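Following: one structure in structure tokens, then a few remarks.
The values are calculated or read from the model by the stated rules, or taken from the named source; none is laboratory data. Bear in mind that the values here come from a model prediction, so they are computed numbers and not experimental data. With ideal geometry, Cβ positions are generated from the backbone for all residues, glycine too; neighbour counts draw on all protein chains shown.
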């Protein structure tokens, strides 16, 4: 004889579970069952395999970035990131640590390489065309070839949200957070290609290194996000790839935080601003010349006073000032030497007042003048004469 139970035995079907259990299962991103996890990973892998649309929209993104580089237009850089495709290969690198598949890793890297070549080639075409257009300051390209904490924050948010949204809804593409990844990966590549064919020094190596570091950090953050939601590497190869990403991320943090100054050269770092250090120099002073004593009838010796030095004031020339006026740009670049290939010292915005020094030189069809910035931390360097407004003398203080 069997005794009736006080409560019915519930099955494991979702519709038969209590409401609290159903809510808990809905909040769980990764299925608890091993076979369901395999199907879940297979669905994710299918979603991050790029299609032909990925390369088509990557080319459109590169062309818009090229136009933005030519005219130094910040709005066009944002438009280029908006039309960029879903950065599926970046998520594929993170998934490769879970799968532990070398084939899957090489497939993601190959897709990124092809897309990166399209963007770099577009930037190189813009660099070649820049010699046919009026000179620009290219301040936006300069900003995309250096590390900043704001860019790293945007990259981190984009990588984490892209991975979370992809894992929560594998059938949908997280296009909105993917815009941040495209902005931080494709735009430095376009600036690097621009520097490869133009006369702007520093864009080519710096932009390429910024892209590589950003890619390593994005893949690392995506892999850590997958590990936090329950998807951990299953093979030794997955742990090896994850360890490589961790080392690359640590190296990036070391470079960005400033410890890279121990190296012989620095790349992709803001240029140091030279400061004028006053030096102590010895100046000859006027000393009284002793005279031989004069014999007198009295036994008392008298000293003849020496000549008292007088101060003379040398008139200083009236300084000449000019304002930065870069037509078609937001400012100008002060360089160490009178050449467009010389290293830059400081970027000055339009409307900033600078002192024009007497030195000037002519290089080809352009005239370079030596200027000194005003303010608490003045620097001296060379700038194109055409980027200065009409100079006007001001009385010296």
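Against the test of being buried (at least 19 other Cβ atoms within 10 Å of the Cβ), in the same structural domain as residue 224 (by TED's automatic domain parsing) and closer than 14 Å to residue 195 by Cα, the options 112, 70 yield a single qualifying residue, 70. Out of all the residues in segment 354-364, is one or more in contact with a strand residue (DSSP E or B) (Cβ under 7 Å, 6 or more places away or on another chain), within 25 Å of residue 68 (Cα to Cα), at pLDDT 80 or above and not assigned by TED's automatic domain parsing to the domain that holds residue 72? Scanning segment 354-364 turns up no residue that is in contact with a strand residue (DSSP E or B) (Cβ under 7 Å, 6 or more places away or on another chain), within 25 Å of residue 68 (Cα to Cα), at pLDDT 80 or above and not assigned by TED's automatic domain parsing to the domain that holds residue 72. Has segment 137-145 got any residue that is surrounded by fewer than 20 Cβ atoms within 10 Å (Cβ to Cβ) and in contact with a helix residue (DSSP H, G or I) (Cβ under 8 Å, 6 or more places away or on another chain)? Within segment 137-145, not a single residue is surrounded by fewer than 20 Cβ atoms within 10 Å (Cβ to Cβ) and in contact with a helix residue (DSSP H, G or I) (Cβ under 8 Å, 6 or more places away or on another chain).
Table: residues versus (1) assigned to a loop (DSSP other than H, G, I, E, B); (2) at pLDDT 90 or above.
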{"position": "98", "(1), (2)": "no, no"}
{"position": "130", "(1), (2)": "no, no"}
{"position": "146", "(1), (2)": "yes, no"}
{"position": "151", "(1), (2)": "no, yes"}
{"position": "161", "(1), (2)": "no, yes"}
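Look at residue 117 and say whether it is assigned to a helix (DSSP H, G or I) and out of contact with any helix residue (DSSP H, G or I) (no Cβ under 7 Å at 6 or more places or on another chain). Yes: the conditions hold for residue 117.
Scanning segment 147-187 for residues that are under 19 Å from residue 62 (Cα atoms) and surrounded by fewer than 17 Cβ atoms within 10 Å (Cβ to Cβ) yields 175, 176. Determine whether residue 196 is part of a helix (DSSP H, G or I) and surrounded by fewer than 24 Cβ atoms within 10 Å (Cβ to Cβ). Against the criterion (part of a helix (DSSP H, G or I) and surrounded by fewer than 24 Cβ atoms within 10 Å (Cβ to Cβ)), residue 196 qualifies.
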